[in-house]
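Encoded as structure tokens, the structure appears first; notes follow it.
No lab work stands behind these numbers, since they all come straight from the coordinates. Note that the structure is a prediction, hence the values are computed from the model and not measured. Please note: Cβ atoms are built from the backbone with ideal geometry, for glycine as well, and neighbour counts cover all protein chains shown.
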Amino acid sequence: MTLPPYVLGPMPVDRRMATVDERLVAAPLSVIFDLAADVERWPARLTHYRFVRMLERRNDGGGLVEMSAYRDFGPLPWPTWWTSMMTVARPEHSAAPAVRFRHVRGITTGMDVEWSFESTDGGTRVRIVHVWNGPPWPVIGDVAARAVIGPMFVHGIAARTLAGLARAAEA
């Protein structure tokens, strides 16, 4: 039995924290898209990923995925962990190819993520957007999200992930 894709809807626009990582990748859209959507192989391609486990598969190539990566702070690698619902809108099936995630477990529960892809003259513009209202901690949750978690952890891991996948696509 195959399960239908998750329905995550459009990216929320009303979240208090947003991080954006963007890069022009000198490779065709299909190449970088396939690398981004193949999350189970990220640990083999990206040294900062500890593991990626597909806990449940959906018929669009997404599913329930558990991920863990290190965020380096000098010589100290800080382990992070989260579980997300993942959807895949493939270029051959969508005018707006994208890989979407919604974090459902971990400190970043409720975070929405979108990888979008646009063909350009020089290759493919890849944009990763993370939006979130922060953890449900009284008084400090919003500040923690916007001052620490977003810029230091989310951006730190996303920028490194995008750079690593870009190198693989351009090779």
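Taking the numbered list (1) under 12 Å from the mean Cα position of the chain (by Cα); (2) not in a strand (DSSP E or B) in turn, Ser94 passes all entries but (1).
The single condition among (1) at positive phi; (2) assigned to a helix (DSSP H, G or I); (3) of a type outside the set (Gly, Ala, Ser) that Val139 does not meet is (2). May I ask you to say which residue of Trp81, Trp115 is among the aromatic types (Phe, Trp, Tyr), more than 22 Å from Val20 (Cβ to Cβ), outside any loop (DSSP other than H, G, I, E, B) and out of contact with any Cys (no Cβ under 8 Å at 6 or more places or on another chain)? Answer to the selection: Trp81.
Scanning segment 28-46 for residues that are under 16 Å from the mean Cα position of the chain (by Cα) and either free of Cβ contacts under 8 Å to residues at least 40 places away in the same chain or part of a loop (DSSP other than H, G, I, E, B) (or both) returns Asp34, Asp38, Glu40, Arg41, Pro43, Leu46. Contact map, segment 7-27: first residue of a type in the set (Lys, Arg), second residue buried (at least 19 other Cβ atoms within 10 Å of the Cβ) and in a strand (DSSP E or B), Cβ cut-off under 8 Å, separation 6 or more or different chains; pairs are Arg15/Asp112; Arg15/Val131; Arg15/Trp132; Arg16/Trp132; Arg23/Val126.
Close Cβ contacts (under 6 Å, 6 or more residues apart or on different chains) running from residues in segment 125-152 that are touching a residue at least 40 places away in the same chain (Cβ under 8 Å) to residues that are among the polar types (S, T, N, Q) comprise Arg127/Ser116; His130/Thr19; Gly150/Thr19.
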